[in-house]
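Contents: one structure, followed by commentary.
The values are calculated or read from the model by the stated rules, or taken from the named source; none is laboratory data. Remember, predicted model here, so these are calculated numbers, not experimental data. Methodologically, a virtual Cβ is constructed for each residue, glycine included, from the backbone with ideal geometry; neighbour enumeration extends over all protein chains shown. Ligands, DNA and RNA are stripped out before the accessible areas are found, and what is left, the full protein with its side chains, is counted by its heavy atoms. Shrake-Rupley method; radii C 1.70, N 1.55, O 1.52, S 1.80 Å.
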Amino acid sequence: MDVAEFRASVQEWLAENDLTPGPDHSLDGQVAQLARVRRALYDAGWMRYGWPAEVGGLGGPAVLRAVLGEEVATRDLAEPGIYSMIEVLAPTMISYARPELAAEMVPRLLSGREQWCQGFSEPGSGSDLASLSTRATPRPDGSWTVSGQKVWTSLAQYAQRCVLLTRTAPGHDGITAFFVDMDTPGITVRPLRTMHGVDEFAEVFFDDVVVPADRMLGNPGDGWRLAMDLLPHERSTCFWHRIAYLFARLDQLIDETRVPDDAALGSAYLALHTARCRSHVTQRRLAEGARLGPETSVDKVLLATAEQQLFDTARDLLPGVLELTDSPWRPEYLYSRAATIYGGTAEIQRNIIARRLLDLGKE
Ligand SMILES: Cc1cc2nc3c(=O)[nH]c(=O)nc-3n(C[C@H](O)[C@H](O)[C@H](O)COP(=O)(O)OP(=O)(O)OC[C@H]3O[C@@H](n4cnc5c(N)ncnc54)[C@H](O)[C@@H]3O)c2cc1C
């Protein structure tokens, strides 16, 4: 199926199958809505396009996933950040898990039966991820014991599984990844509240958690490579979805603005359009089978800047609405502040651009 045909068929199907969210806008409500949307799209086959047959997919180019997410985001059917987590975690499983494990687990994620989380950041290791200290120690029977703490783990309280980075030896080559069941004894999840009032992420404590040998992703020491392969995924198809969602917010802002400021709205549009052009190039490269790398840091800087500019514009053009009312603009504005932090901070992205794309060397 080509892209235009796929888009038209999805649009037709969405017109006939009402997946509009209910009135519950809490995080519980959003996660339940996400599962409902994924389930319906999976059962109808749409969610399976762009994924390989080995993990229950129907094949076709990955760009079909971008189109589906765009249609979902444009209609506000699911919160784009949590919808797009499949784009980060499923490719990682396909590349690094044993084929039987990926075949068993990926369909559970795509179909909305499960939610997974990404256990990378730690209290002392965020930007400097390679310093992580959650330890995995081998046991005589080949399994591993994991002890340590993760933080900022999005949706950990809802997750059945976690893609977890651990330390098995010193240095970058001593990082090893596991796919861990979140109901394993010894795991404690303590949700953290963001400034926009939602328990979006959590602290996760691992106390002598036993993980079977066959849950290792790749081989011992492959964890750094896995992380470097995963991070560009956070900046490709996910971004296409988010940009569609931000364009829908811009349209809404134009509708709600009583005294339109053409320059401010035009400038917000331009920033979003620039991010979309850049993301389009990335989608193209993905479709051609390119391996994504540090150049996706440019996408991240452009998108985070455009997102914050859009909500700054909303703050300026809707006087008092963000500050004094319970309008959805308020949490969205506050959440947009995180855009320059999650998935690698703005400063780190600029460092990557300077060092790895412009070859400017260290500080
Ligand atoms: C909404 C949200 C969701 C998240 N979800 C997840 C998740 O699901 N899983 C997960 O593992 N993590 C998650 N994170 C964590 C995120 O990846 C980290 O917050 C991020 O990597 C930054 O790490 P840090 O918070 O430890 O900040 P730090 O690394 O301590 O940085 C603090 C400040 O110092 C700056 N800084 C640090 N080093 C340098 C340097 N070398 N040069 C210049 N400036 C520097 C940073 O840019 C930043 O401004 C999430 C974060 C947010 C906000």
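Once you have a ≥ b ≥ c as the square roots of the Cα gyration tensor eigenvalues for the range 273-324, tell me rounded if a/c is under 1.5, and otherwise prolate or oblate according to whether a/b is larger than b/c.
prolate
What whole-number volume per residue, in cubic angstrom, does the convex hull of the C-alpha atoms of the chain give?
On the way: hull volume 51.8 nm³, N = 363.
Taking only Cα atoms, the chain has a hull volume of 143 Å³ per residue.
Taking a ≥ b ≥ c as the square roots of the Cα gyration tensor eigenvalues, with a/c under 1.5 meaning rounded and otherwise prolate when a/b beats b/c, else oblate, which class fits the range 3-114?
In terms of gyration-tensor shape, oblate.
Once every DSSP H run of n ≥ 4 in the chain is given -39500 (n - 2.57) and the sum is divided by its residues, what mean residue ellipticity at 222 nm do you get, rounded to the nearest 500 deg cm²/dmol? Don't skip to the end; give the middle numbers.
Numbers: 13 runs with 169 residues, N = 363.
Result for the chain, helices only: -15000 deg cm²/dmol.
Between the range 142-195 and the range 213-243, what is the C-alpha centre distance in whole Å?
Cα centroid to Cα centroid, the span is 15 Å.
Find, among the trypsin sites (Lys or Arg not before Pro) in the range 61-161, those assigned to loop by DSSP (not H, G, I, E, B) with at most 16 other beta-carbon atoms within 10 angstrom. Provide the component values of the computation, followed by the final result.
Details: sites: Arg65, Arg75, Arg108, Arg113, Arg135, Lys150, Arg161; in loops: Arg75, Arg113.
Loop-located and lightly packed - Arg113.
Give the carbon-plus-sulfur fraction of the accessible surface of the range 3-114 in %, rounded to a whole number; probe 1.4 Å, heavy atoms of protein chains only.
About 53 percent, which is the carbon plus sulfur part of the accessible surface.
In whole Å, how far is the Cα centre of the range 299-336 from that of the range 250-279?
12
If you take every DSSP beta bridge fully contained in the range 117-222, what fraction is antiparallel? Give it as a percent rounded to 5. Can you show the working numbers first?
On the way: 28 of 32 bridges.
Of those bridges, close to 90 percent are antiparallel.
Find the accessible area per residue for the chain; the probe is 1.4 Å, ligands and nucleic acids are left out, and the unit is Å².
45
Pull out a ≥ b ≥ c, the square roots of the eigenvalues of the alpha-carbon gyration tensor of the range 133-179, then state rounded if a/c is under 1.5, prolate if not and a/b is larger than b/c, and oblate in the remaining case.
Oblate, because a/c is 1.5 or more while a/b does not exceed b/c.
Add +1 for every Lys or Arg and -1 for every Asp or Glu among the other residues with Cβ under 10 Å from the Cβ of Leu317, and state the total.
Here the charged neighbours net out to -2.
Ignoring ligands, DNA and RNA, what percent of the 1.4 Å accessible area of the range 128-270 is carbon and sulfur?
Solvent-exposed carbon and sulfur of the range 128-270 make up 53 percent of the total.
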